Every structure is written in structure tokens, then in C-alpha cells.
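The values are calculated or read from the model by the stated rules, or taken from the named source; none is laboratory data. All values reported here derive from a predicted model rather than from experimental measurement. Positions of Cβ are generated from backbone atoms using ideal geometry, with glycine treated the same way; all protein chains shown enter the neighbour counts. When the accessible area is computed, the model is the full protein with side chains, heavy atoms only, and any ligands, DNA or RNA have been set aside. Shrake-Rupley method; radii C 1.70, N 1.55, O 1.52, S 1.80 Å.
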Amino acid sequence: TFYDRIGFVMTSFKKAGRGKVVHPRGTKPSLHNSQLLISSGTPSLDVLLGGLAIGSVLLVEEDAYNSYARFLVKYFLAEGVMCGHALLVAGPSIHSTDILKELPASVGSQVVVPTLAESSVATSQETMDIAWRYQNLPAMKSGFSNNFGHFYDLSKTMDQSRVDLVPVTTFSASNVQSSGNSLNELSEKVREVIVAGSYSTSTTPLSERNVLRIAIQSFGSPLWSKDGDAVALAQFLHSLRATVRGAYATAVVTIPNHMLEDEVLMRRFERLCDAAVSLESFSGSHKEENPLYQDYHETTFAARAIRYSKPSTGRYC
């Protein structure tokens with residue numbers, strides 16, 4: 001044939017391409033390095049931090065009455081239920097796990113948070129007077145919409161049958177025997193749940209990936225008994241961070257900084273976590289009567305932003 005005479009060899013060449021990556025439910029890749037993110041359940045906090053990275057630890061410094069910090073934990077757990085994520089709830093007392101009965105009910109559809117650029121375009125329909133040739137050009141939008149998370153209504157409680165659909169593990173420091181160490185047992189419980197639930201990044205098959213949400217309440221309070229010394233608390237946070245690094249897990253730890261009253265210790269705890277936010281309630285303070293704050297109830301300070309792992313690792317993709 002013609003191809004035989006010219007020595008032409010037919011080959012079935014197909015351009016190599018990346019297969020479809022299967023991500024766990026309720027996650028999305030970061031635009032910065034494709035690391036998986038989950039929603040905190042609070043849209044404003046997701047905008048502030050960009051979402052919570054898989055394998056990270058968020059430290060929440062509680063307000064004086066632990067009202068708003070408890071709301072953040074409720075939203076975090078409720079978002080996990082809506083996404084089908086597993087939950088691990090720990091606290092110093094036997095009543096700490098009652099928060100599972102107080103999760104807010106989801107309302108409406110997923111949250112759509114407009115960026116500042118989109119808001120300005122939507123609210124400003126003025127004609128551009130810079131030059132006549134610009135008037136017929138379409139308005140440009142920078143940034144992106146954040147279709148992430150759900151809306152919740154605190155006046156309504158999530159149906160318990162919905163909560164029962166997801167794996168839930170509870171831990172109470174008060175149930176630990178007096179001869180035991182509650183922090184060590186909690187650390188062991190976290191590792192046990194990760195192994196038993198196949199949340200490890202090295203052993204979990206692509207089709208069975210799921211996320212574990214860990215909520216630790218009032219960490220370091222006197223109710224944690226003798227384990228509340230600074231060295232033991234720091235060692236636990238270091239261990240927790242190392243544990244979730246190799247798992248499809250994200251932890252939120254609330255700590256009553258108004259009880260510790262040690263600024264140096266709080267800064268040390270912040271460095272042991274990937275991100276830290278501090279809540280300040282206006283209730284009982286001079287700001288409650290200040291007219292500048294009459295439309296607000298509390299303030300949130302981002303003490304430390306989330307540090308993502310290097311894109312080259314590809315650990316969570």
C-alpha cells in the first residue's frame with residue numbers, strides 16, 4: 001500500500017489527560033493550590049478565612065459568656081450533618097455533647113456570598129462618564145461567587161433523625177477515671193476514629209472518601225481537671241495538628257482565653273494551630289452602650305490566617 005511504500009506506521013495516539021478527581025462530599029478545591037476546603041457553616045467566617053482546609057486546626061478564642069463561640073460550633077457541626085460528614089464532639093463535662101440536640105435547622109438553599117466587586121456592580125448602575133466609547137462595554141466582575149455552605153435558622157432545631165444519619169462520636173473528660181489523663185485519652189480517641197472510619201489520606205479509597213469534623217469545646221478550662229497545665233495543653237494541640245494532617249479531618253477547638261488570662265500562652269496556642277479567631281462580645285462591656293456599636297453584638301478578629309500546605313504535595317487531591 002501507499003503507507004507501506006513510504007514507511008509510514010499508523011499509531012493510535014491519544015492525548016493524555018487527567019482523570020476526574022473524586023472529592024469528598026461538601027468540599028471544594030482552593031483556587032490558590034487546589035487543597036480541599038470545607039465550609040465552617042458560617043458564611044461570614046468562610047469569607048474571612050476562605051473556608052477551612054482539610055487537615056487543619058482552627059482555634060476559636062471564646063467570648064466572655066461563650067455565646068457566639070458556641071454558635072460557631074453549632075454551625076460547624078450542622079454543616080457537617082448537611083454534608084454527610086462524620087462528627088467527633090468532645091468537651092469537659094457530660095453536658096458538652098448536648099450541643100448535638102441544639103443544632104440549627106437548615107433553611108433555603110446553599111449560600112451565595114457575593115464579592116465586594118459584585119456588590120458594587122449590582123448596586124451601582126450609573127452611566128460611565130469617562131469616555132463615550134466605554135458606555136456600551138459590559139461591566140467587568142472580578143473575584144468569584146462563593147457557592148459554599150448552607151443557611152441556618154437558630155430559632156429552629158434540626159430534626160434528630162437527620163443527625164442520626166451521620167456517624168457521631170462523643171467524648172467527655174468527666175467520664176475519664178481519676179487515674180487517667182483526659183487529654184491523652186482524647187488524642188487516642190481521635191486516632192482511633194480516624195483509623196476505624198478510614199479517614200486516613202494514605203489508606204482511604206477514592207470512592208469512599210469522607211470528612212471527619214472534630215469539635216473540642218472549652219479546651220483548657222478548669223473542668224479539664226488536672227490536665228489543664230500549659231505543657232499538657234500545648235502537647236495535645238501539637239499532637240492533634242499532626243494527626244489531622246494525614247487525614248480527611250478538620251478540627252475546631254474553642255478555648256476560654258478569659259479564664260486563662262495569659263497572653264503569652266494564648267499566642268503559643270495560636271502558633272500551634274493553622275488559624276485562630278478571637279471573639280469579643282459587647283455584652284457587659286462599655287461598647288454595649290456606645291452608639292457606634294448599637295447595630296452589632298460582637299466583633300471577630302482573625303489572629304492568624306490559615307497556612308495551606310505546598311501545592312506540590314497533592315495530599316488532598
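Remarks
- Any hit, the range 273-292, residues being in contact with a helix residue (DSSP H, G or I) (Cβ under 8 Å, 6 or more places away or on another chain), surrounded by 13 or more Cβ atoms within 10 Å (Cβ to Cβ), modelled with pLDDT of 85 or more and over 24 Å from Val47 (Cβ atoms): no
- From the list Arg241, Arg267, Arg213, Arg209, the lone residue that is at pLDDT 90 or above, open to solvent by 10 Å² or more (accessible area, probe 1.4 Å) and of a type in the set (Lys, Arg) is Arg241.
- Residues of the range 56-74 include at least one that is touching a Pro at 6+ places or on another chain (Cβ under 7 Å) and modelled with pLDDT of 90 or more.
- Screening Thr250, Thr300 for residues that are touching a helix residue (DSSP H, G or I) at 6+ places or on another chain (Cβ under 8 Å), modelled with pLDDT under 85 and either of a type in the set (S, T, N, Q) or open to solvent by less than 20 Å² (accessible area, probe 1.4 Å) (or both) leaves exactly one candidate, Thr300.
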